[in-house]
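Okay, structure first, notes after.
The values are calculated or read from the model by the stated rules, or taken from the named source; none is laboratory data. All of these numbers come straight from a predicted model, not from anything done at the bench. All Cβ positions, glycine included, derive from the backbone under ideal geometry; neighbour counts span all protein chains shown. Ligands, DNA and RNA are excluded from the accessible area calculation, which covers all protein heavy atoms including side chains. Shrake-Rupley method; radii C 1.70, N 1.55, O 1.52, S 1.80 Å.
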Amino acid sequence: MGSIANKNELKIIARELRLDILEATTKAESGHLSSSFSSVEILTALFFNGILRYRSDEPLWPERDRFIMSKGHAAPLLYAVLAKAGYFSRDELWRLRQAGSPVQGHPILGCMPGVEATTGSLGQGISLAIGHILGARLIKKDFSAYVLIGDGECQAGQIWESAMAAAHYQMQELIVILDYNKFQEMGPISREMGLEPLTEKWQSFGWYTQEVDGHDVQKISAALKTLQEVKEKPSILIAHTVKGKGISFVEKDFTWHGRAIKDPEQYEMAKKEILCG
Amino acid sequence: MRLGEHAGLKDSKPLRDIFGEALLDVVRDNPKVVVLDGDLGNSTKTELVRKAFPERSFNIGIAESNLVCIGAGMAGVGLIPWITSFSSFLLCNAYDQIRLSVAMSKINAKILGSHGGITLGKDGPTQMGIEDLALVGGFPTMVILVPCDPASMRAAVRAATDYEGPVWLRSSRYAMPEVYSQDLDFVIGKANTVREGNDLTIIANGLMVAAGLDAAAELADEGIEARVIDMHTLRPMDVEAIVSAAKETGAIVTAEEHLLHGGFGSNIARVVAENCPVPMRFVGLEDTYVESGDPDELLKKYHLTSGDIENMAREVLAEKRKAK
C-alpha cells in the first residue's frame, strides 16, 4: 500500500527516482531518460502519496489497483518506482537492458513483479485497463485502474477506440493520466502532428477532464482524489510537464528522447542539478 | 461429388455453427470463460453465447485493436477470454496488439480466427484468411489449432480453453464432413492418423483432411495405400508423426487451404529435410488472391480438391519409385 509521505519526503522520493533513472540509463548506455523524467512527479503522487492501492510483497493481490505504463518507453521510471515501492531490489535497476536480465528495455508482463502489461508499442494501455475493469465488475472485485499515456501516444487510433469504449461502459473506475510534455521523438508535437484542442477531444468522447501542473506532487494528488469521485464516466488528468524535467540541458533539447547521458561531464552536471533541484 | 463423399464421410453443418455450440458448452461449464466479439457474432456464431449468457458476452464493436487488448486485460483478473472475429480483421488490424498483449505477455487468452481459407466464398478476398496461419506463425508462444470436422472442433474448443496460455483456433463457414466419431482422441500437438497406409502420406489440416481421405479412397482403387494424417495442431508441431510418415511411407503430400508461401507444408518440409528427406509435393494456394464465388467452384479453380491431391500423390510416388 502506498504510504502517505509528507511534502519533503515526496520531494526526496522524486529526486531519488531521477537519480536512479539517470544511473540506470547511463549504465545501460541507452533508455528514455527524458520521457521518464517528465512523469516522475505523477508516479510519485500515485505510488507514494496514498493514491494507488498495492502490496509490493503480494504483487498479484487480486484487489490491487492496476497501474499500466502505457507509454512503455518510460520503463526506467517504472522500474525505479517499483524498486522504491519494494517490489524488487534496487540493484536490479543496474541490470536494465542487459542480456539475461528480466529488466527489459520496455516492460514485459511476467518479467518483473509489479509490471502489469507489455508495452512499448504505443496505444494499448487504456484498452488493457478496460479489460481489467470489465473483468473486475464480472467477478465482483472493486479496484481502480490507472494508466499513464504519453502525448504523442494520443496520435494512435487505438487511444480513441479505447476512449470511446471506456465512456460507453461508464467506467468511473478508470483514471488516465496524460504526460503532456509537448514533444515527441521527432520534435514538438504541435509541429509534427498536432493534438489540440486536446482537452475538448477527451470531453467530446465523454470523459471528465482536469488539468494540472505535472510537476507538483500535491496538486497531482489532489486532482487524482477529485477524479476518484467522478461517477459514471472515465476521467483523464492532463498533466502539463516538461520533458527531461530536472536537467537543464535535457529540458532544452528534445533530441534527448531515447538517449542516455553517456558523457561523464554531462553525467556529473545532471546529477548535481538533480541533487540541487 | 461433394467433399468426403468418396471416403464415405457423413455430411454436417457449417463448422462455425459447431464452434458456436462448442463455445456455449464451455461457457456453460466454466464460469471463468468470457466471450469478446468484434461485431461479427452472427457470423462467427458467438451469438449463441450472447443469447444464453449476455453478462459474459462483450461486443467491443468494430475496433479490433481495442477488442484484443480488452480481452487481454480480462485475462488479468483470471478470466479466460475468447477473443473472436474474422481472422483477416484480427490479424490485419490487431497484429501488434496480439503480439504484445497476448503472445509476448503469454496470457491465457484464446483467439478465434473465423472465416479462414477461401471457402467463405462469395464475400470475396477482403474477408478471406488465406495468410492467417502464416501470420499466426509469427507468434512464437501461441498454440495454433485447425480443426477439420465437427467432433474435432468441439474437442479443440475444449482443449484450447483448458490449456494454460495463448491459443489460436481457426474456424470456417464451410460445412466440413464428419471425419471423426464423437469420441476422438484430441491432444494438442499430437496429430491423428485418420487412415493407415504405407505407400505415401497425405498430411492435411482443415477441410483438406476430408479431401485427403477422398483422394486416398480413389488411390486405393488403383492399389495405392495412402496414409492420411490430420495435423490439427500447427504449433507445437508433431515432429514424430512427420518423421514416422517420412520413414515408413517414403513420400509426403501436404494439403492446406492456405497460401503455400508460409503455409504448414513448408514447416513440414523443414522437419522432413532435417530428419529424413523424402520426395514431397504441396497442395495449397499459389501466390494469388482469390475471388468471390461459390466455395466448391473456388476450391476447384484454385486446385484445392481431392483430385489435386491425387495428382500430387501420383507425382510423388513416381519420384519415390525413380529414387529406388
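Can you give the FRET efficiency for B:Glu315 and B:Arg2, using 1/(1 + (r/R0)^6), R0 = 30 Å, r = Cβ-Cβ distance, to the nearest 0.05?
It comes out at approximately 0.75.
So if R0 is 60 Å, what FRET efficiency would A:Arg191 and B:Tyr163 give, r being the distance between their Cβ atoms, rounded to the nearest 0.05?
Here the calculated transfer efficiency is 0.75.
Over chain A, what is the relative contact order in whole percent, taking alpha-carbon pairs under 8 Å and six or more residues apart?
24
If you count the DSSP beta bridges with both ends in chain B, what percent of them are antiparallel, to the nearest 5?
20
Working from Cα positions, state the angle (0 to 90°, nearest 10) between the long axis of helix A:125-138 and the longest principal axis of chain A.
That works out to roughly 40 degrees.
Explain nothing, just the number: relative contact order of chain B, from Cα pairs under 8 Å at least 6 residues apart, as a whole percent. Walk me through the intermediate numbers first.
Working: 751 pairs, mean separation 57.9, N = 324.
Computed over chain B, the figure is 18 percent.
Using Cα centres only, tell me the gap between the range B:298-320 and the range A:136-192 in whole Å.
The range B:298-320 and the range A:136-192 have Cα centres spaced 53 Å from each other.
Average partner chain C-beta neighbours within 10 Å, per residue of B:106-116? Walk me through the numbers on the way to the answer.
Working: counts 4, 4, 0, 1, 0, 0, 0, 0, 0, 0, 0.
For this peptide, the per-residue mean of nearby foreign Cβ atoms is 1.
Run the numbers on the range A:120-150: which residues show a drop of 20 Å² or more in accessible area, chain on its own versus all protein chains together, using a 1.4 Å probe over heavy atoms?
A:Ser121, A:Gln124, A:Ser127, A:Leu128, A:Gly131, A:His132, A:Leu134, A:Gly135, A:Leu138, A:Ile139
Just for the protein assembly as shown, what percent of DSSP beta bridges are antiparallel, to the closest 5?
Bridges in the protein assembly as shown are about 15 percent antiparallel.
Say R0 is 25 Å: what FRET efficiency, to the nearest 0.05, do B:Phe53 and B:Gln182 get from their beta-carbon distance?
Numbers: r = 24 Å, r/R0 = 0.97.
For B:Phe53 and B:Gln182, the calculated efficiency is 0.55.
With +1 on the Cβ of every Lys and Arg and -1 on the Cβ of every Asp and Glu, and nothing else charged, how large is the dipole of the range A:191-267 about its Cα centre, in debye rounded to the nearest 20?
Dipole size: approximately 160 debye.
State to the nearest 20 debye the size of the charge dipole of the protein assembly as shown about its Cα centre, where the only charges are +1 on K and R beta carbons and -1 on D and E beta carbons. Intermediate results must be reported in sequence, preceding the final value.
Working: 63 positive and 79 negative charges, 332 e Å.
Computed about the Cα centre, the dipole is about 1600 debye.
How large is ³J(HN,Hα), in whole Hz, for each residue of the range B:247-253 in order, when computed from phi with the Karplus curve 6.51 cos²θ - 1.76 cosθ + 1.60 and θ = phi - 60°, using x for Gly and Pro?
Residue by residue, the range B:247-253 yields 5, 7, 10, x, 7, 9, 10 Hz.
Of A:Phe249, A:Phe37, A:Phe183, which has the largest mean-square fluctuation in a 10 Å C-alpha GNM of chain A?
Answer for the Gaussian network model of chain A: A:Phe249.
Buried accessible area between B and A (1.4 Å probe, both chains summed, ligands and nucleic acids excluded), in Å² to the nearest 100? Show your work: numbers first, answer last.
Numbers: alone 12790 and 11860 Å², together 22820 Å².
Chain pair B/A: roughly 1800 Å² of buried accessible area.
How high is the relative contact order of the range B:178-300, in percent, with contacts defined as C-alpha pairs under 8 Å that are six or more residues apart?
Taking the mean separation of contacting Cα pairs over the length of the range B:178-300, I get 25 percent.
For the range B:15-170, what class follows from the C-alpha gyration tensor (a ≥ b ≥ c being the square roots of its eigenvalues): rounded when a/c is under 1.5, otherwise prolate if a/b is larger than b/c, else oblate?
Note, shape of the range B:15-170 comes out rounded.
Specify whether the C-alpha gyration tensor of the protein assembly as shown places it in the rounded, prolate or oblate class, a ≥ b ≥ c being the square roots of the eigenvalues: rounded for a/c under 1.5, otherwise prolate if a/b is larger than b/c and oblate if not.
It is prolate, given that a/c is not under 1.5 and a/b is the larger ratio.
Highest GNM mean-square fluctuation, chain A, Cα pairs closer than 10 Å: which of A:Trp160, A:Trp256, A:Trp61?
Taking springs between Cα atoms under 10 Å, the residue moving most is A:Trp61.
Can you give the % of DSSP beta bridges in the range A:7-276 that are antiparallel, to the nearest 5?
10
Please give the calculated 222 nm ellipticity per residue for chain A, where each DSSP H segment of at least 4 residues contributes -39500 (n - 2.57) and the sum is spread over every residue; nearest 500 deg cm²/dmol?
Calculated from helices alone, the mean residue ellipticity at 222 nm is -12000 deg cm²/dmol.
Please list 3J(HN,Hα) in residue order for the range A:48-54, calculated via the Karplus relation 6.51 cos²θ - 1.76 cosθ + 1.60 where θ = phi - 60°; whole Hz, with x for glycine and proline.
Calculated HN-Hα couplings, in order: 10, 10, x, 8, 7, 8, 8 Hz.
Under a plain spin-label model, where a point goes 7 Å from the Cα along Cα-to-Cβ, how far apart in nm are A:Gln98 and A:Glu63?
So the label points at A:Gln98 and A:Glu63 sit 3.8 nm apart.
List every residue whose amide H lies under 5 Å from the amide H of B:Ile229, counting only residues 5 or more places away in sequence or on a different chain, with H placed 1.01 Å from N in the peptide plane.
B:Val194, B:Ile202, B:Ile203, B:Ala204
Rounded to whole Hz and in sequence order, give me ³J(HN,Hα) for the range A:108-124 from the Karplus expression 6.51 cos²θ - 1.76 cosθ + 1.60, θ = phi - 60°, writing x for Gly and Pro.
In residue order, the calculated couplings are 10, 4, x, 7, 10, x, x, 7, 9, 7, 8, 9, x, 9, 6, x, 8 Hz.
At what distance in angstrom do the alpha carbon centres of the range A:63-84 and the range B:140-168 lie from each other?
After rounding, the separation between the Cα centres reads 34 Å.
For chain B, set up a GNM with springs between Cα atoms under 10 Å and report which of B:Leu15, B:Leu90, B:Leu40 has the largest fluctuation.
B:Leu40
What order, most packed first, do the peptides A:43-54, B:111-122, A:231-242 have when packing is the mean number of other Cβ atoms within 10 Å of each residue?
Numbers: A:43-54: 23.2, B:111-122: 26.2, A:231-242: 20.3.
Final packing ranking: B:111-122, A:43-54, A:231-242.
Please average, across the residues of B:55-67, the number of beta carbons from any other chain that are within 10 Å of each residue's own beta carbon, and give a whole number.
5
Just to confirm, what accessible area per residue do you get for the protein assembly as shown at 1.4 Å probe, in whole Å²?
Roughly 38 Å² per residue, with all protein chains present.
Once amide H atoms are built 1.01 Å from N in the peptide plane, which residues 5 or more positions from B:Thr84, or in another chain, come under 5 Å H to H?
B:Leu36, B:Asp37, B:Gly38, B:Leu112
Non-local amide H neighbours of B:Leu285 (under 5 Å, H modeled in plane, Pro and chain starts lacking H): which ones?
B:His258, B:Leu259, B:Leu260
So what's the net charge close to B:Ala269: Lys and Arg +1, Asp and Glu -1, counting the other residues with Cβ under 14 Å from its Cβ?
Values: positive: B:Arg270, B:Arg281; negative: B:Glu256, B:Glu274.
With Lys, Arg at +1 and Asp, Glu at -1, the net is 0.
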